[in-house]
Amino acid sequence: MELAINAKVICSDGESGHLGGMIFRPNANQVTHLIVSWHYEEYIVPIIHVIQDSHDQITLNFSREDLRQQPTIMETEFFRAPYPQHLYFESGWYTPYVMLMSNYTVQHEHVPSGEIALNHQTRVFARDGELGHIDEIIVNPDDHFAITAVMLHEGHWWHAKDLKIGIDRVKGIAGTAFFLKMTKNRLPTRPFQ
């Protein structure tokens, strides 16, 4: 099963955005959820709801309304709080202490404990430097959606190439970055087709 970042997501009643990323459980090497971006929200969808996939499209087994009922990955909280401020006036005098109200926002990420979110910003590093970012994750649905390979987008847009790197060549994952066991010159020389 190919999980391509930005692939179209189709629900039973029509197109429902695109794949913005996925949630990964590193200690079990498996993808547990998809992050579906639709109408300025990013919904967390369990991967078991995927019924069909292709390189550029993922079909889910529920409706758009069911998608809207899924939890979102980011929750934004708005609140007002006072803060002390000195006010200066043109006449040269000022008030020593005034409480003004200010608006604040706080964002909370809803990723299950022990799991990490992978998206188009997830970087891949060889032992001797950065290679590029992840375009696609390939999973085996028969093995609890274990990751078998990552598709790497390497280089600038005019010299870019996509490389398929087996999960056995990944040394580890820290934060939102994949670290490979090899150096850049040990990568496959031809692009993946």
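The values are calculated or read from the model by the stated rules, or taken from the named source; none is laboratory data. Please read all numbers here as calculations on a predicted model, not as lab measurements. FYI the Cβ positions are ideal-geometry reconstructions off the backbone, even for glycines, and counts take in every protein chain you see. Note: accessible area is taken over every heavy atom of the protein model, side chains too, but ligands, DNA and RNA are not part of it. Shrake-Rupley method; radii C 1.70, N 1.55, O 1.52, S 1.80 Å.
Some observations on this one:
- In the range 113-143, the residues that are under 17 Å from H33 (Cα atoms), exposed (fewer than 12 other Cβ atoms within 10 Å of the Cβ) and of a type outside the set (S, T, N, Q): G114, D142, D143
- Residues in the range 113-131 that are assigned to a strand (DSSP E or B) and over 15 Å from the mean Cα position of the chain (by Cα): F125, A126, G129, E130, L131.
- Residue check for D53: modelled with pLDDT of 85 or more and among the acidic types (D, E): no
- Where L152 falls short, out of the listed (1) hydrophobic (A, V, I, L, M, F, W, C); (2) within 19 Å of L3 (Cα to Cα); (3) modelled with pLDDT of 85 or more: (3)
- Any hit, the range 19-29, residues being within 24 Å of I116 (Cβ to Cβ), in a strand (DSSP E or B) and open to solvent by 50 Å² or more (accessible area, probe 1.4 Å): yes
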